[in-house]
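What follows is a set of notes on a single structure, which appears directly below.
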């Protein structure tokens, strides 16, 4: 409460109003100076933001293509993750491995055992045959 009085007087010249009922409320009056915009006033060009977003998407697409090529030889999830440089196992599996499996870009080396302890994944060549 002390700080509320101190800073409200300092910044807006008024006094806060405290109301104690079923719900405790505080009303802090603001002056014109207190509601002024702080920070840069120039507008950011949305095209610049779009360019940055496209660059990030392009980087991710290149990384996915590199990952698929990396799986030309059967690889474990951990090897794939280290190659890409990501730490979160669940996120990596959900975002990359499951996506690539469903898209038919990679395939499990032993599809009969999807819950095996150490599954390996490899690239599927263009004819749909495991390379």
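Does residue 81 satisfy being in contact with a helix residue (DSSP H, G or I) (Cβ under 6 Å, 6 or more places away or on another chain) and modelled with pLDDT of 85 or more? So residue 81 passes the test.
This table checks each residue for (1) at pLDDT 80 or above; (2) closer than 30 Å to residue 86 by Cα; (3) outside the structural domain of residue 85 (by TED's automatic domain parsing).
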{"position": "8", "(1), (2), (3)": "yes, no, yes"}
{"position": "12", "(1), (2), (3)": "no, no, yes"}
{"position": "53", "(1), (2), (3)": "no, yes, no"}
{"position": "61", "(1), (2), (3)": "yes, yes, no"}
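Could you tell me whether residue 104 is at pLDDT 85 or above, within 28 Å of the chain's Cα centre (by Cα) and surrounded by fewer than 10 Cβ atoms within 10 Å (Cβ to Cβ)? Answer is yes for this residue. Among residues of segment 68-86 that are free of Cβ contacts under 8 Å to residues at least 12 places away in the same chain, those with a Cβ under 6 angstrom from a residue that is surrounded by 14 or more Cβ atoms within 10 Å (Cβ to Cβ) and in a helix (DSSP H, G or I), sequence gap 6+ or separate chain, pair up as 81/92; 86/92.
The values are calculated or read from the model by the stated rules, or taken from the named source; none is laboratory data. Just so it is clear, the model here is predicted, and its values are computed rather than measured. Glycine gets a Cβ as well: all are built from the backbone with ideal geometry, and neighbour counts include every protein chain shown.
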